[in-house]
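The values are calculated or read from the model by the stated rules, or taken from the named source; none is laboratory data. What you are looking at is a predicted structure, and each value in this text was computed from that prediction instead of being measured. Methodologically, a virtual Cβ is constructed for each residue, glycine included, from the backbone with ideal geometry; neighbour enumeration extends over all protein chains shown.
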Amino acid sequence: MIPSFFSSWKGIFQRGNSVNIIDLAVQYAWSMLHGWYKWDGDDPSGRDCSGMIVEILQAVGKLPRSGDLSSRGLAAKFPKVDFPAAGCLVFWTGGGDKIEDIQHVEFCIDAVHTIGASGGGSKTLTVEDAIRDNAFIKMRPIERDRKRWGYVDPFKEDR
């Protein structure tokens, strides 16, 4: 679905043209790289993991402005898929397998890499805190030493 504010550009975002809605979301994720992590943040002064994802998905019309916008809420909102692709969300837990165990979410820029806000926590509230904690928006491989809950695809109907 194309956001209504893009209606005059609709042809640009349809698959087969130079830019589509998934590409647009990936480009937007790249534009956030190196931004500061801020606990409970969802604006340019700093974003936490779910705040970054919410901004990307709302920008391309894939997420309403209300509801549970936490990482667990995002996991429940979209269809689970077996393998990642650009535009998918990947979730990690503290060790469990249930949706309630989810602690972190990142945005897939391809099938093996993510961009996500990480390194901080509930005490990361300022730029100084983020510098101290090495907390910022980073690109990382999906495969790393954390328990992965799985993937969801907000763009499944657009593929």
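Quick look at the values:
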read-out: Residue identified as touching a residue at least 60 places away in the same chain (Cβ under 8 Å), under 16 Å from the mean Cα position of the chain (by Cα), surrounded by 15 or more Cβ atoms within 10 Å (Cβ to Cβ) and closer than 25 Å to I21 by Cβ among F107, F136; value: F107
read-out: Those residues of segment 62-93 which are buried (at least 17 other Cβ atoms within 10 Å of the Cβ), of a type in the set (G, A, S) and touching a residue at least 40 places away in the same chain (Cβ under 8 Å), in sequence order; value: A75, A86, G87
read-out: Enumeration of residues in segment 1-42 that are exposed (fewer than 14 other Cβ atoms within 10 Å of the Cβ) and modelled with pLDDT of 60 or more; value: Q27, W30, S31, L33, H34, D40
read-out: Filter result for I102 (under 28 Å from I22 (Cβ atoms) and out of contact with any Lys or Arg (no Cβ under 9 Å at 6 or more places or on another chain)); value: no
read-out: Residue among I102, I115 that alone is closer than 21 Å to E143 by Cα, in contact with an Asp or Glu (Cβ under 9 Å, 6 or more places away or on another chain), modelled with pLDDT of 95 or more and crowded, with 17+ Cβ neighbours inside 10 Å; value: I115
